[in-house]
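Visitor: Input: one structure, supplied below.
The values are calculated or read from the model by the stated rules, or taken from the named source; none is laboratory data. Since we're looking at a predicted model, the values are computed, not measured. We place every Cβ from the backbone using ideal geometry, glycine too, and count neighbours over all the protein chains shown.
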Amino acid sequence: MGSVRWAFRCGPWTPNRGEWLLAARCVQREEKDRIGQFVFAKDAKSAMAGRLLLRKFICERMGVPWSRIRLERSPRGRPYLAAPLKVSSDSGGVWSFNLSHQGDYAVLAADQGVQVGVDIMKTTMPGSRSVPEFFRIMTRQFTVYEWGIIQSAGSEHQQLAAFYRHWTLKESFIKAIGTGLSFDLQRVEFHLSSEPLTQNQPLRQTKMYLDEEKEENWIFEESLLDVDHHVAVALGPTDKPDSSPSSLPPPTTFTLLSFSDLIASASPLMEEDPAYWDSFKTKTEGPQRQRETHTSRQLPVSH
Ligand SMILES: CC(C)(COP(=O)(O)OP(=O)(O)OC[C@H]1O[C@@H](n2cnc3c(N)ncnc32)[C@H](O)[C@@H]1OP(=O)(O)O)[C@@H](O)C(=O)NCCC(=O)NCCS
């Protein structure tokens, strides 16, 4: 069974003209257009890094030449490989992959024979709101038990860290099943491992309860990419009869990639578009008063 955990630090990435135009040539046209519509550079960079991570993974690990990869999205937005339909897979089983980008990173997680969801969140103060006010708005996302754990975590910063830890767990599950926010988040409850999270030492002890039943068939890998970026990878059974994450190899740590790594296997899919750089260089990095919660993300109107 194969396992891939890749991360790219898109926050500090300041692409030059050549890098940005090359990146734009190496993703599908509709994705290039979508990325071009982001108001802020931080969102354009993380979406671009996400596309390059996906294509690099499919090319290098699934063995599909870059120019033959055709990605589409499910009705709920999850990217999947639409073509080629037949990909020779070794005995490890069918690959499942997923992306997340938030804070300073874009991450990709992929495994064989299970379904995968990944979520990353940076522990940040909630912009202009106080922590209690922020938690009040989020009340319905967590159960009474989970709020008890979050609010007894210590200082406001520790409470926020506990909040984002739960958040990444819930999101990773939602992303593994691919439903998006149509899923009632009160149905899942996480019981955290008592071991503290550390950088690049994934824990697998946290347990999920679904409709109050402990789910033995799901595994959650939690780690910190750095002191304030929580990442969770959900690994669940597929609809194939023998699929179970219990036979997975030990957890793999995230590998930090450079831009050169991202495009190492890339081949351009279209001509260079100088106007794409002209537009990118006019974008400001992010909103002046940056609130790094999902709810503040600035999406293009057509998204
Ligand atoms: C869309 C959603 C699946 C994830 O959104 P998100 O957490 O803002 O975004 P992330 O950075 O983790 O992931 C985005 C990536 O996930 C992938 N994705 C999109 N829809 C997906 C879906 N339905 N299932 C799985 N993956 C999906 C895409 O690759 C996307 O990146 P791209 O559009 O650049 O290709 C959805 O769960 C959502 O809108 N969440 C909002 C946040 C929220 O309120 N969460 C409450 C948690 S307690």
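Visitor: So, in the range 77-91, how many residues would count as being within 30 Å of residue 229 (Cα to Cα) and more than 8 Å from the ligand (Cβ to nearest atom)?
Guide: Total meeting the criteria: 2.
Visitor: OK, next. Any residue in the range 84-96 that is touching a residue at least 60 places away in the same chain (Cβ under 8 Å) and under 28 Å from residue 41 (Cβ atoms)?
Guide: Checked the range 84-96: no residue is touching a residue at least 60 places away in the same chain (Cβ under 8 Å) and under 28 Å from residue 41 (Cβ atoms).
Visitor: Considering every residue within the range 254-270, establish whether at least one is closer than 30 Å to residue 217 by Cα and part of a loop (DSSP other than H, G, I, E, B).
Guide: Yes - at least one qualifying residue is present in the range 254-270.
Visitor: All but one of (1) within 13 Å of the ligand (Cβ to nearest atom); (2) farther than 22 Å from residue 254 by Cα hold for residue 213; state the number of the condition that does not hold.
Guide: Only one criterion is unmet by residue 213, namely (1).
Visitor: Out of the residues in the range 116-145 meeting the condition of being near the ligand (Cβ under 10 Å from one of its atoms) and under 27 Å from residue 252 (Cα atoms), tell me which one is farthest from the chain's Cα centre (by Cα).
Guide: 116
Visitor: Answer yes or no as to whether residue 64 is β-branched (Val, Ile, Thr), closer than 15 Å to residue 257 by Cβ and either more than 10 Å from the ligand (Cβ to nearest atom) or out of contact with any Leu (no Cβ under 7 Å at 6 or more places or on another chain) (or both).
Guide: No: the conditions fail for residue 64.
Visitor: Here is a follow-up. Looking only at the range 138-175, how many residues end up being over 22 Å from residue 118 (Cβ atoms) and among the small types (Gly, Ala, Ser)?
Guide: 5
Visitor: Here's another thing I want to ask about it. State which residue is nearest to the ligand (Cβ to nearest atom) when the search covers only the range 92-111 and only residues that are among the aliphatic types (A, V, I, L, M) and in a strand (DSSP E or B). Before you say what the answer is, go through the steps one by one.
Guide: Of all residues in the range 92-111, those among the aliphatic types (A, V, I, L, M) come to 94, 99, 106-110.
Still in the list and also in a strand (DSSP E or B): 99, 106-110.
Numbers: 99: 4, 106: 8, 107: 9, 108: 9, 109: 11, 110: 12 Å.
Result: 99.
Visitor: Another question about this same structure. Looking only at the range 243-252, how many residues end up being surrounded by 14 or more Cβ atoms within 10 Å (Cβ to Cβ) and either at pLDDT 95 or above or among the small types (Gly, Ala, Ser) (or both)?
Guide: Count: 2.
Visitor: Further question on the same structure: Check whether at least one residue in the range 25-35 is more than 15 Å from residue 276 (Cβ to Cβ) and crowded, with 20+ Cβ neighbours inside 10 Å, and report yes or no.
Guide: No: the range 25-35 contains no residue that is more than 15 Å from residue 276 (Cβ to Cβ) and crowded, with 20+ Cβ neighbours inside 10 Å.
Visitor: Looking at the range 272-289, which of its residues are at pLDDT 95 or above, under 25 Å from the mean Cα position of the chain (by Cα) and assigned to a loop (DSSP other than H, G, I, E, B)? Lay out the reasoning, then the answer.
Guide: First, the residues of the range 272-289 that are at pLDDT 95 or above: 272-285.
Checking which are under 25 Å from the mean Cα position of the chain (by Cα) leaves us with 280, 283-285.
Hits for the range 272-289 are 283, 284, 285.
Visitor: Determine the pairs where a residue that is farther than 15 Å from residue 245 by Cα, located within the range 198-219, has a partner that is small (Gly, Ala, Ser) and surrounded by 13 or more Cβ atoms within 10 Å (Cβ to Cβ) with Cβ atoms under 9 Å apart, the partner being 6 or more residues away or on another chain.
Guide: What qualifies is 198/223; 199/223; 200/223; 201/223; 202/223.
Visitor: Residue 74: closer than 20 Å to residue 115 by Cα, within 20 Å of the chain's Cα centre (by Cα) and within 14 Å of the ligand (Cβ to nearest atom), yes or no? Spell out how you get there, then give the answer.
Guide: Working: closer than 20 Å to residue 115 by Cα: yes; within 20 Å of the chain's Cα centre (by Cα): yes; within 14 Å of the ligand (Cβ to nearest atom): yes.
Considered against the rule, which asks whether it is closer than 20 Å to residue 115 by Cα, within 20 Å of the chain's Cα centre (by Cα) and within 14 Å of the ligand (Cβ to nearest atom), residue 74 comes out as yes.
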